[in-house]
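Trainee: Before we start, here is the structure in question, set down as structure tokens.
The values are calculated or read from the model by the stated rules, or taken from the named source; none is laboratory data. What you see is a predicted model; the values in this text were computed from it and never measured. In this analysis, Cβ positions are derived from the backbone assuming ideal geometry, glycine residues included, and neighbour counts consider all displayed protein chains.
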Amino acid sequence: MRAALAIVLALSGAGVASAQDVASAPGAILRGLDKVSGETVDIELDSGQTAEFGRLAVTLADCRYPVEDPSSDAFAHLTIADAATGTAVFDGWMIASSPALSALDDPRYDLWVLRCKSS
């Protein structure tokens, strides 16, 4: 079974990893959802900047995008902390095309990456 899968992957080219050139953007645009009120807010951050969203403090470290197709996908490194306690509730990369892959786990708030900001 594994041999058959390896042959199919080799023939389809899916088994070949290709490196993609990426560039860093000066900032990112995120969208936040308050699950209780249903209110959505777009948050525009520059790299290194922190914004308040409800009781959360959201800090953008970097936003990257594919050089060949800047509008296709973005991924941002975010640190999200509970402003009341200072405890980090999320620290990692979020991907615009797959927000559930690496998501904020909070009972009230949801936050995801829309795109990188162009200069």
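Trainee: Looking at region 73-102, which of its residues are assigned to a loop (DSSP other than H, G, I, E, B) and in contact (Cβ under 8 Å) with a residue 12 or more places away in the chain?
Mentor: Going residue by residue through region 73-102, those that are assigned to a loop (DSSP other than H, G, I, E, B) are 73-74, 83-87, 96-102.
If the condition is that a residue be assigned to a loop (DSSP other than H, G, I, E, B) and in contact (Cβ under 8 Å) with a residue 12 or more places away in the chain, then D73, A74, A83, A84, A96, S97, P99 are the ones that fit.
Trainee: Please work out which residue is surrounded by the fewest Cβ atoms within 10 Å (Cβ to Cβ), limiting yourself to region 84-94 and to residues that are closer than 17 Å to L33 by Cα and aliphatic (A, V, I, L, M). Explain how you work it out, then say what you get.
Mentor: Step one: filter region 84-94 for residues closer than 17 Å to L33 by Cα, giving 89-90, 94.
Those left that are additionally aliphatic (A, V, I, L, M): 89, 94.
Numbers: V89: 16, M94: 23.
Once the filter is applied, the top-ranked residue is V89.
Trainee: Quick test for you: out of A19, A51, A14, pick the one residue that is closer than 20 Å to V113 by Cβ and either modelled with pLDDT under 95 or under 17 Å from the mean Cα position of the chain (by Cα) (or both). Before the answer, list the steps.
Mentor: Values: A19 fails: closer than 20 Å to V113 by Cβ; A14 fails: closer than 20 Å to V113 by Cβ.
Only one candidate qualifies: A51.
Trainee: Hey, could you check region 103-119 for residues that are among the aliphatic types (A, V, I, L, M) and not in a loop (DSSP other than H, G, I, E, B) and say which is surrounded by the most Cβ atoms within 10 Å (Cβ to Cβ)?
Mentor: The initial filter retains those residues of region 103-119 that are among the aliphatic types (A, V, I, L, M), namely 103-104, 111, 113-114.
Within this subset, residues satisfying the condition of being not in a loop (DSSP other than H, G, I, E, B) are 111, 113-114.
Working: L111: 22, V113: 24, L114: 16.
The qualifying residue surrounded by the most Cβ atoms within 10 Å (Cβ to Cβ) is V113.
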